[in-house]
Amino acid sequence: MKHKIIAIVVISSIILFLSSSLRHIFFHSTANDLGIFDQSVYLISQGEKPISSLLGFHILADHAAFIWYPISLFYRIYPSVYWLFAIQSIALSLGAYFVYQLSLQQGLKEKQSLAIAIIYLLYPTIISANLFDFHPDTIALPSCFWLVLIARQANQSNYKTSLIKFFTAILIIVSCKAVLSLTVLMTGIWLVFFEKKRIYGLIAIILGLSWFIISTQFIIPYFGSNAASISRHLTHYSYIGNSFIEIVTNTFFKPQILINHVISFSILFYLLSLILPVIWGLSLKYLNPIICGSPQLLMCILSSNKSFYTVGYQYTLPIVTFLFLAVISNIKTQSYCLKNKNIILILVVLGFLISFNPHIDIGSNIGRDFSSLTYSLQASDKAVKIINELDNLRKDGYKGSVLTTAKIIPHLSHRFIIKLADENISKDEIGTFDYVLLNTHYPILTSSREFAKSLSEELKIDIRYQMFFHENGILLFVKEI
């Protein structure tokens, strides 16, 4: 059976890679977050400081994610955003391998273990997270499974080797995002009290808590500025309070604020979407692994940002990890849960439908002239190639600064300066860019068709710029050298 799970992982990796790559090719990836991460990794690979022009500060000040440095080694071989898609698809698919191993370790039959691994790959968040640009959270997911597997197999392998693997798993998890150190911390508590793995649990508690303090109190403030302060994330919870102290105070003395938010239709729908694909395999008796994902669960359901409480985004990934641990623990004693294959299939499909993938972008194209949209994509591709060709003609090797739309940015992010063309850009700053690439037909996010058209009209009469390309609403202005 082992060769079957390996084949499944390989096939899944290929499918996930192709799907995310196609989404990018069709200009559906965005500046936030693919453009930011791709630019930062590229700068690291070139030996430069990864100060993203889209963020305005060092990438380590974002989430203290030093995983970007080992990832940049791939960019040294050849700088391409497709490395990120490949890493993400492999990481998400590897989760199936660890689900399979954890199932076997808990005494499940090989066919049962294989079935749970396949169900994992069909879970809506796995598919959606793969399609939403790239996020290091996806790398942490298989590492969370691995962390638990190592602790559970501690008595079956060399103690020193197990500890090294355990440290490595924790290192990978916390290197992906500072807040995931809280997941490590809670996993440690779970290992101590529920799995009776005291040494491993204490290690996870100490390292998780230590890294959370180091990353939030030292690394992020050191590499960032006021704009990078962790307090910027408090805006997601502004309905509770405007500062950390106010949020904590209101949580205890005004709990009705939280209660009203949590029992809202949106949050209850999110919780339903979360458990529906695996509800057939859950029971209250074996739900204790969810303790590990409780920090992320609380952050999601308490947030006012809809992305947090939508299963189609990467924020749900740590919760998914421990939901499957709960399923495995339950099936260990109640194997009949897997016998109702039709019910399981219906629930998985229903779970996917009610949490319809927000990253497929089909809905955003309804009502549009499809042929017009296709021509616009082709024109965008031509404009991107022109900019790259003009950059290659420069003898100094410098890649010109670019002002463009959110969906074009990930195709031109291998340069020092690239920014988003929207209403927030000042008129004085516009004149500093070597290239201005606009989409007057299909602007998105904070940009509007009126803004794009207005800016294009201004640039047409600006003597500093020449309109180098104009096709199907795509306009490229090049600054005279």
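The values are calculated or read from the model by the stated rules, or taken from the named source; none is laboratory data. Model, not experiment: these values are computed from the prediction. Positions of Cβ are backbone-derived with ideal geometry, glycine not excepted, and every protein chain shown enters the neighbour counts.
General observations
Per-residue answers, yes or no, for (1) touching a residue at least 12 places away in the same chain (Cβ under 8 Å); (2) of a type in the set (Val, Ile, Thr); (3) out of contact with any Pro (no Cβ under 8 Å at 6 or more places or on another chain):
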{"residue": "Asp428", "(1), (2), (3)": "no, no, yes"}
{"residue": "Ser456", "(1), (2), (3)": "yes, no, yes"}
{"residue": "Arg464", "(1), (2), (3)": "yes, no, yes"}
{"residue": "Val478", "(1), (2), (3)": "yes, yes, yes"}
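- When the residues of the range 259-282 are filtered to those that are among the polar types (S, T, N, Q) and farther than 21 Å from Val349 by Cα, the one that is farthest from the chain's Cα centre (by Cα) is Asn260.
- Residue within the range 98-113 that is of a type outside the set (Ser, Thr, Tyr), closer than 18 Å to Gly188 by Cα and buried (at least 21 other Cβ atoms within 10 Å of the Cβ) present: yes
- From the list Ser238, Ser181, the lone residue that is hydroxyl-bearing (Ser, Thr, Tyr) and closer than 18 Å to Leu317 by Cα is Ser181.
- If you go through the range 12-71 and pick out every residue that is within 23 Å of Pro221 (Cβ to Cβ) and of a type in the set (Phe, Trp, Tyr), you end up with 5.
- Residue check, Lys285 under 16 Å from the mean Cα position of the chain (by Cα) and basic (Lys, Arg): no
- The single residue among Lys160, Lys165 that is modelled with pLDDT of 95 or more, part of a helix (DSSP H, G or I), among the basic types (Lys, Arg) and farther than 30 Å from Phe352 by Cα turns out to be Lys165.
Yes/no matrix, rows are residues, columns are (1) at pLDDT 90 or above; (2) outside any loop (DSSP other than H, G, I, E, B); (3) at negative phi:
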{"residue": "Ala379", "(1), (2), (3)": "yes, yes, yes"}
{"residue": "Ile387", "(1), (2), (3)": "yes, yes, yes"}
{"residue": "Arg415", "(1), (2), (3)": "yes, no, yes"}
{"residue": "Glu429", "(1), (2), (3)": "yes, yes, yes"}
{"residue": "His441", "(1), (2), (3)": "no, no, yes"}
{"residue": "Glu450", "(1), (2), (3)": "no, yes, yes"}
{"residue": "Leu459", "(1), (2), (3)": "yes, yes, yes"}
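- Filtering the range 60-89 to residues that are part of a loop (DSSP other than H, G, I, E, B) and either within 22 Å of Arg23 (Cβ to Cβ) or without any contact (Cβ under 8 Å) to a residue 24 or more places away in the chain (or both) leaves Tyr78, Pro79, Ser80, Val81.
- Residues located in the range 41-54, provided they are more than 21 Å from Ile425 (Cα to Cα) and either in a helix (DSSP H, G or I) or in contact with a strand residue (DSSP E or B) (Cβ under 8 Å, 6 or more places away or on another chain) (or both): Val41, Tyr42, Leu43, Ile44, Ser45, Lys49, Pro50
- Exactly one residue out of Ile164, Ile170 is in the same structural domain as His58 (by TED's automatic domain parsing) and either closer than 16 Å to Pro295 by Cα or over 19 Å from the mean Cα position of the chain (by Cα) (or both), and it is Ile164.
Quick grid of which residues meet (1) surrounded by 13 or more Cβ atoms within 10 Å (Cβ to Cβ); (2) in a helix (DSSP H, G or I); (3) of a type in the set (Ser, Thr, Tyr); (4) in the same structural domain as Val320 (by TED's automatic domain parsing):
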{"position": "Phe212", "(1), (2), (3), (4)": "yes, yes, no, yes"}
{"position": "Ser215", "(1), (2), (3), (4)": "yes, yes, yes, yes"}
{"position": "His233", "(1), (2), (3), (4)": "yes, yes, no, no"}
{"position": "His236", "(1), (2), (3), (4)": "yes, yes, no, no"}
{"position": "Val248", "(1), (2), (3), (4)": "no, yes, no, no"}
{"position": "Thr251", "(1), (2), (3), (4)": "yes, yes, yes, no"}
{"position": "Ile257", "(1), (2), (3), (4)": "yes, yes, no, no"}
{"position": "Tyr270", "(1), (2), (3), (4)": "yes, yes, yes, yes"}
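- In the range 2-22, the residues that are part of a helix (DSSP H, G or I) never reach a residue that is surrounded by 20 or more Cβ atoms within 10 Å (Cβ to Cβ) and acidic (Asp, Glu) with C-beta atoms less than 6 angstrom apart, at least six apart or across chains.
- Across the range 180-196, the number of residues qualifying as surrounded by 24 or more Cβ atoms within 10 Å (Cβ to Cβ) and within 20 Å of Ile214 (Cβ to Cβ) comes to 6.
- Scan of the range 95-124 for residues that are closer than 21 Å to Asn342 by Cβ and of a type in the set (A, V, I, L, M), ordered by number: Leu108, Leu114, Ala115, Ile116, Ala117, Ile118, Ile119, Leu121, Leu122
- Condition met for Ser45 (surrounded by 18 or more Cβ atoms within 10 Å (Cβ to Cβ), touching a Phe, Trp or Tyr at 6+ places or on another chain (Cβ under 8 Å), without any contact (Cβ under 8 Å) to a residue 60 or more places away in the chain and hydroxyl-bearing (Ser, Thr, Tyr)): yes
- Residues in the range 359-376 include at least one that is in the same structural domain as Glu429 (by TED's automatic domain parsing), buried (at least 19 other Cβ atoms within 10 Å of the Cβ) and at pLDDT 80 or above.
- Breaking point among (1) more than 28 Å from Gly47 (Cα to Cα); (2) touching a strand residue (DSSP E or B) at 6+ places or on another chain (Cβ under 6 Å), for Gly431: (2)
- Meets criteria (part of a loop (DSSP other than H, G, I, E, B) and either among the aromatic types (Phe, Trp, Tyr) or at pLDDT below 95 (or both)) for Phe27: yes
- Residue match in the range 303-311 (condition: surrounded by fewer than 21 Cβ atoms within 10 Å (Cβ to Cβ) and part of a helix (DSSP H, G or I)): no
- Leu207 vs. criteria out of contact with any helix residue (DSSP H, G or I) (no Cβ under 6 Å at 6 or more places or on another chain), farther than 19 Å from Gln106 by Cα and either assigned to a helix (DSSP H, G or I) or not assigned by TED's automatic domain parsing to the domain that holds Asp62 (or both): no
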